[in-house]
1. When you look at GLN160, is it buried (at least 16 other Cβ atoms within 10 Å of the Cβ) and assigned to a helix (DSSP H, G or I), yes or no?
2. Sort through ALA120, ALA109 and tell me the only one that's of a type outside the set (S, T, N, Q) and over 30 Å from ARG181 (Cβ atoms).
3. Quick test of your reading of the structure: ALA131 fulfils all but one of (1) surrounded by 13 or more Cβ atoms within 10 Å (Cβ to Cβ); (2) without any contact (Cβ under 8 Å) to a residue 24 or more places away in the chain. Name the failing condition by number.
4. Taking into account only those residues within region 17-39 that are under 26 Å from ARG63 (Cα atoms) and either exposed (fewer than 11 other Cβ atoms within 10 Å of the Cβ) or without any contact (Cβ under 8 Å) to a residue 12 or more places away in the chain (or both), which is farthest from the chain's Cα centre (by Cα)?
5. I'm trying to understand the selection: among the residues of region 22-36, which are part of a helix (DSSP H, G or I) and not hydroxyl-bearing (Ser, Thr, Tyr)?
6. Inside region 170-184, can you point out the residues that are free of Cβ contacts under 8 Å to residues at least 12 places away in the same chain and not in a loop (DSSP other than H, G, I, E, B)?
7. What is the one condition in (1) open to solvent by 30 Å² or more (accessible area, probe 1.4 Å); (2) over 21 Å from the mean Cα position of the chain (by Cα) that ALA151 does not satisfy?
8. Here is a list: PHE43, PHE16. Which entry is aromatic (Phe, Trp, Tyr) and over 30 Å from THR194 (Cα atoms)?
Amino acid sequence: MSDTRLAEELGRIALFRDLPAPALTRLAEGARRVAPPDGAPLFSQGDPPDAVYAVLEGRGRVRVGAPDNAAKRLMVEVFRAGDVFGEIGVLDGATRSADAVVLGEVKLARIPATAFLETAQAEPALGLALARLLSVRLRRTFGLLQDATFAPLEVRLARQVMYLLKADSVKTDKGMRLAARFRQGDLADLLGATTRSIISILNAWRASNLVSYDTEKAFLFVLDEAGLAAVAAGPREG
């Protein structure tokens, strides 16, 4: 694929949208297009930060998370077409803070750390876009930390589902469906909870006609958005 085509694709990514054409061309010259198979690891916690990744296209996702010594996982985020990830280690020079694994079919641009940093230093627009991106992610991280400290698990799960629904969903005859596949264990990983506790909550929601869940395909349908939003708002005092 030509550098010109890749530069055009990078220009459609929100983080790079305000960059001038020469800067996009420089990024594309150093980058390469990759299409890893389903389940392929892109990097692991503790690896050197050698590149930033942009999700160019595809119906799949990239799952970023961290394991613990008991083989439990924490899912930090799920990235889709238009997203950029892997920038933290590149910016601060420390090792990777999490694992990144491909889920399904995605096409990525792998931008070497050197090319990314040189562009960031030369182009104020990229620095400002990075600051905005990191601010959004910091606010979300703070919200998750606050929820983990104060909110019951059911409320936390409802807030995660509503967040995922707003970020990436598909309209169906049954209601809005999360676009990505989420096994019950994946939902548990999002909250650092046990799979059994998530199953219990989903069963209660299904009984209340808030959601339905296709266990075979791992698709979650939200049948009553207003009802689930009320759960996400938390219990009323008094």
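1. yes
2. On the way: ALA109 fails: over 30 Å from ARG181 (Cβ atoms).
After applying the criteria, what remains is ALA120.
3. So ALA131 meets the others, but not (1).
4. Filtering first and then ranking leaves PRO37.
5. Matches in region 22-36: PRO22, ALA23, LEU24, ARG26, LEU27, ALA28, GLU29, GLY30.
6. VAL170, LYS171
7. (1)
8. Of the residues listed, the single one that is aromatic (Phe, Trp, Tyr) and over 30 Å from THR194 (Cα atoms) is PHE16.
The values are calculated or read from the model by the stated rules, or taken from the named source; none is laboratory data. Everything quoted here is computed from the prediction, not taken from an experiment. When we count neighbours, we look across all protein chains shown, and the Cβ atoms used for this are built from the backbone with ideal geometry, even at glycine. These accessible areas exclude ligands, DNA and RNA; they are computed on the full protein's heavy atoms, side chains included. Shrake-Rupley method; radii C 1.70, N 1.55, O 1.52, S 1.80 Å.
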